[in-house]
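Values in this text are rule-based calculations from the coordinates and carry no lab data. In this text, all values refer to a predicted model and were calculated from it rather than measured experimentally. Positions of Cβ are generated from backbone atoms using ideal geometry, with glycine treated the same way; all protein chains shown enter the neighbour counts.
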Amino acid sequence: MWLRSGSWAASTTAAAQKDDVLAECMLGRIYINGEGVKADVAQGAGWYRKAAEQGNAAAQVYLGQLFQSGFGVAKNLEQAAVWYRKAADQGRTDTEFRPVRWR
């Protein structure tokens, strides 16, 4: 399994490059937090976006948080609401209390 082989960042990157959506989401966190790599919020946001576009609800919430705060991306409350809504539509209840305008 890719989580158990080699270094965490390297093995996760290899899996993400093969379109493993869970690895893409994890790689977003790895880059944002600088876990075994130099922190790169923009790159982390890019991995979150890739996973979110493939329907990963966790990545959709994280991407919404980035858009809401403007951390690593341009602050955009409309985009935050879009990603929170996508996650909520999949049953994520942690999006219900986000103070953004829903469409």
**OP:** Calculate how steeply helix 41-53 sits against the longest principal axis of the alpha-carbon atoms of the chain, using the helix alpha-carbon long axis, and give the answer as 0 to 90 degrees to the nearest 10.
**Re:** 70 degrees
**OP:** DSSP loop (so not H, G, I, E, B), at most 11 other Cβ within 10 Å: list which chymotrypsin sites (Phe, Trp or Tyr not before Pro) in region 32-99 pass both filters.
**Re:** Phe97
Original post:
In degrees, nearest 10, range 0 to 90: what is the angle between the Cα axis of helix 57-69 and the longest Cα principal axis of the chain?
Top reply: 60 degrees
Original post:
If you keep only loop residues by DSSP, which GluC sites (Glu not before Pro) in region 1-97 have at most 15 other Cβ atoms within 10 Å of their Cβ?
Top reply: Glu35, Glu96
Original post:
Remind me, what semi-axes does the chain give for its equivalent ellipsoid, largest first in whole Å, using sqrt of 5 times each Cα gyration tensor eigenvalue?
Top reply: 25, 15, 9
**OP:** Can you tell me the dipole magnitude for region 2-90 around its Cα centre, using point charges on the Cβ only (Lys, Arg +1; Asp, Glu -1), in Debye to the nearest 20?
**Re:** 80 debye
